[in-house]
Amino acid sequence: GGERKSVSLPTWAAVGLALAGTAVLEVGPVLLGGDANLASVVGSVNQGDVWCLGTAVGFGLMFARMEHHMEEHSEYVLELTAWQCAILGVAMVGWALFDVHGDVPALLETASSYSLTDMGYLVWTGLFTTAAVLWGETKVMQTVSGTQAGIIFSTEPLFATGFAALLLHETVGITDVAGAALIMAGCILVVLQGGKEEAAGGTSA
């Protein structure tokens, strides 16, 4: 039911820039290797890349659905966050059971062997990097469209690269810089477009 929204041309351009930047980050080194062909590009994609792509698709769907729900129930940020956490909890329990081939006693035995340090890691992951982040993502959907949020989240590999260089001393190459520049250009474009839309809305009001 709601009114169908059109996506502006600058927004599509921002999406294209973000996708191009991500592609450069992923397969750029292969393209610069001098032996770039379809087989080498496809062969450079590993299981981790597929998981990352699936994560991106999942986030995109989540932003679209959260924008829809926040338009109708903007006052229920905490409740919507709780539902997301509950679904994640069910999914994680299912994953754990699959990992132990449905052996519930083995799963309980593993959980009971956790040290206080392990429990601290779980609390940190559950409360801060999951629940608090989901609350923030849900809250921001009151003022940011799903399209804008998705493009802004395309900067995630930039932060991953930055922390990897800082903490793990990984080398940042020319393709990393080029990919980052394309992604940032997409983000700047969508932010500028959002500002123009807000200004137009204020003028028409």
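Read the figures in this text as sums done on the coordinates, not as results from a lab. All of these numbers come straight from a predicted model, not from anything done at the bench. Heads up, the Cβs are rebuilt from the backbone with ideal geometry, glycines too, and the neighbour counts pull from every protein chain shown.
Measuring from label point to label point, each 7 Å out along Cα→Cβ, what is the Ser74 to Ala86 span in nm?
According to this spin-label approximation, the distance is 2.5 nm.
Using a basic spin-label model with each label point 7 Å from the Cα along Cα→Cβ, how many nm lie between Thr55 and Phe163?
Taking the simple label geometry, Thr55 and Phe163 are separated by 0.9 nm.
When the C-alpha atoms of region 75-141 are aligned to their principal axes, what extent does each axis show, in angstrom, from largest down?
Rounded to whole Å, the extents work out to 42, 25, 14 Å.
Given R₀ = 22 Å, FRET efficiency for Val93-Tyr114 by Cβ-Cβ distance, to 0.05?
Between Val93 and Tyr114 the formula returns 0.90.
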